[in-house]
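J.: The structure follows.
Each reported figure results from applying straightforward, stated rules to the coordinates on display, with no laboratory input. No experiment lies behind these values; they were computed from the predicted model shown. FYI the Cβ positions are ideal-geometry reconstructions off the backbone, even for glycines, and counts take in every protein chain you see.
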Amino acid sequence: MTTSSQPDHYNVVVEARHINFWFGEGDLRKQILFDVNLRINPGEVVLLTGQSGSGKTTLLTLIGALRTLTSGSLIVLGQELLQATRRQQVSVRKQIGFIFQAHNLIPHLTALENVQLALELYPDVSAAEGRQRAADLLVAVGLEHRMHAFPAKLSGGQKQRVAIARAMVNRPRLVLADEPTSALDGRTGREVLERLVLLARDYHVPILMVSHDPRIVDLADRNIDMEDGSILPDSSAMFSAAELATEKALVATSRP
Amino acid sequence: MSQQLHLAWKQLTFQRMKLVAALAGVMVAVMLMWIQLGILASLYNAATIVHQNLRADLVIVSPLFETMNQVKSLSTRILYRARGCPGVLSIGELLIGPVEWRNPVTGEKKQIQVYGLEPEEGWVDLPGISQYAAQLRAENTFLFDRRSRNVFGPVVKAIERGEPFHVELNHRQMQAVGLTSMAASFGQQGNLVTSRANFLRTHPGHSPQQVHVGLVRTRQGENVKSIQAALRNTFGNEALVMTPAEFTEFELRFWKTNAPVGFIFTMGTAVGFLIGFIVVYQILYADVTHHLPYYATMKAMGFADWYLLLLVIRQGLILSVLGYIPGSLLAIGFYQVIQYGTSIPVGPTWERAGFLLVLTILMCFLSGVVATQRLRSADPADVF
């Protein structure tokens, strides 16, 4: 089997090769990830599914430079994360928009201020510009009437929409979302995700989303399934949908 | 850090009750430090008020002399020998000793400190002495310290009305002819100033050949240091020769080492500092713990550790300044109460205000720094 084209490193958003990962030390050392290979291309919406304990959240935190990689190779946005310094980790994180299971909005800041908070990372963005950008995004997620509300006054779906705006306001080059709908009911959850995917396609930002909700599979370009720390063989972990089709055709024609 | 959001301020003010509790803690600490330092400074000031106002070039005292509050006497022969030294212009005597004051209204007997000197020679520059020099020449007259404690009867009122005030000192009828201004101290409830002759009248047991503090004036243009060296050389172990500044330090050293007051009030200040430190630390620590998930979120978003560190320390600094202002105002109010109750003049100084502001900021800064230890447990990987 041959790969149809060598990936251009500058275009690949995430490239993971032979990632093994352990928790704990000594006798308590437990392997969580086994030889994980994965690639995310620009603009792709990738869904990462699997049972709880399959290692998908761990994989997400490694890609987000929130954990330190000890084995294999993981290039995220052009930065090798194996043995990356703290400063390099922080620099990668700044280019990623995170959406968490719990919304994690700062309770003493309004919706607008919560979105503006992400812009504090960029001191060269002026107050007026930051405010405008934050307000625009809140409009985009349909919260134009709730901008000055504190999180305690917002519904679950509204809070998660603020979190989406916060993740997008810095124009991230990658969005990582961990079960963003788990705290929401089915209909609200789907609505929130539709907004996220729509925004991401508008901005041409790739998304890696962990979820076990089967109702949202149709929103993604690709689905990667994990089990017990490994990516299942039939998952299209390394290739885009288009590449996969070419590959299948190649395999079919090479057969006698 | 651009800080367009004033995050530290918003975090502090979001929960009003917590903020009030924190500010109360800082206020109490600031107030305690003001009061302790204020009392200490006024004690030191009251104990050296005569020293500070000496108009002499050199002071000669007995080698046994430790404090003006409990004087040891020196033979006048030493003074006459000093006068014979080259460069010395004149000598003077200061006699110090307590008498029994009988309150003419209540009949109550109180001890009061008497300073005897030649009033027209200008050795001690306290209010009224040169002005009343002629009256003090008369027999059985004295000046009363208006800042004496309020236990001696209506002396000040009588004199302010222009009436002489008659009182029995050591069973001798005396008359207050005017007022001076010194200070009550921890050692003495009140003071009075009189002539050398009147001092000897009220202290019949005191020999005129004894003096408590010998005063030396040098000729103009003479080097005081070299005359001091010469006098020290002449007297050896027989007397101590000091400049007035050294004499003030000498008295202060007595209070700082021999008496526990200096230690007590310094400890009091340290306790105030500690209280403030602990209160602010507790508040900030609880705040960091409470906000740990948010700090972890911010770390995940790419905020560097120092940003969060500054966020906590900034809260400490806001608390310090916000608590310092009302704490200081309250302390100044307490100064009035202390002064009213003890007649010990306690006043705020800019120097102390600056020192305490620095101390308060340091206190809250340290609390913030220690509280940020908790930040380390904010693991950005935990927010998933």
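J.: Average partner chain C-beta neighbours within 10 Å, per residue of A:164-170?
T.: 1
J.: Listed highest first by mean packing, meaning other Cβ atoms within 10 Å per residue, what order do B:83-90, B:307-314, B:218-225 come in?
T.: Peptide ranking by packing, descending: B:307-314, B:83-90, B:218-225.
J.: For each pair in A:Lys30/A:Lys159; A:Lys30/B:Lys299; A:Lys94/A:Lys153; A:Lys153/B:Lys18; B:Lys18/B:Lys256, compute the distance between the two Cα atoms and list the pairs where it is over 32 Å.
T.: Where the Cα-Cα span goes over 32 Å, the pairs concerned are A:Lys30/A:Lys159; B:Lys18/B:Lys256.
J.: Among the DSSP beta bridges whose two residues both lie in segment B:58-242, what percent are antiparallel, rounded to the nearest 5?
T.: Antiparallel bridges: around 75 percent, rounded to the nearest 5.
J.: Evaluate 2.2 N^0.38 Å with N set to the residue count of segment A:39-144, then give the Cα radius of gyration divided by it.
T.: Dividing the Cα Rg of segment A:39-144 by 2.2 N^0.38 Å gives 1.26.
J.: Can you give me the C-alpha center-to-center distance between segment B:168-232 and segment B:115-164, rounded to a whole angstrom?
T.: Between the Cα centre of segment B:168-232 and that of segment B:115-164, the gap is 13 Å.
J.: So for chain A, taking the charge dipole from beta-carbon charges (+1 Lys/Arg, -1 Asp/Glu), which of A:Thr70, A:Leu60, A:Pro107 sits furthest toward the positive end?
T.: Going by the Cα projections, it comes out as A:Pro107.
J.: Tell me, A:Ser73, B:Ser207 in order of fewest to most beta-carbon neighbours within 10 Å?
T.: Placing the least packed residue first, the sequence is B:Ser207, A:Ser73.
J.: Just for segment B:127-204, what percent of DSSP beta bridges are antiparallel, to the closest 5?
T.: Percentage antiparallel, nearest 5: 60.
J.: Rounded, prolate or oblate: which one fits the protein assembly as shown, using the alpha carbon gyration tensor with axes a ≥ b ≥ c (rounded when a/c is under 1.5, else prolate when a/b beats b/c, else oblate)?
T.: Taking the square roots of the gyration eigenvalues as a ≥ b ≥ c, the protein assembly as shown is prolate.
J.: Nearest 500 deg cm²/dmol is fine: what mean residue ellipticity at 222 nm does chain A get from its DSSP H runs of n ≥ 4 alone, each adding -39,500 (n - 2.57), divided by its residue count?
T.: For chain A, the value works out to -10500 deg cm²/dmol.
J.: Please compute, for peptide B:182-195, the average count of beta-carbon atoms on other protein chains lying within 10 Å of each residue's beta-carbon.
T.: The shielding value for this peptide is 0.
J.: What FRET efficiency comes out for B:Val105 versus B:Asn258 if R0 is 45 angstrom and r is the Cβ-Cβ distance? Round to the nearest 0.05.
T.: 0.80
J.: A further question follows. Treat the count of other C-beta atoms within 10 Å as a stand-in for reagent exposure and order B:Met267, B:Met17, B:Met363 from fewest to most.
T.: B:Met17, B:Met267, B:Met363
J.: To check you understand DSSP bridge types, tell me what percent of the beta bridges within the protein assembly as shown (both residues inside) are antiparallel, rounded to 5.
T.: Percent antiparallel among DSSP bridges in the protein assembly as shown is about 65.
J.: Right, next: Within a 10 angstrom radius of the beta carbon, how do A:Met209, B:Met242 rank from fewest other beta carbons to most?
T.: Ranking A:Met209, B:Met242 by Cβ neighbours within 10 Å, fewest first, gives B:Met242, A:Met209.
J.: How many angstrom lie between the C-alpha centres of segment B:303-331 and segment A:25-46?
T.: 43
J.: Just checking the output field for A:60-72: average partner chain Cβ neighbours within 10 Å of each residue's Cβ?
T.: 3
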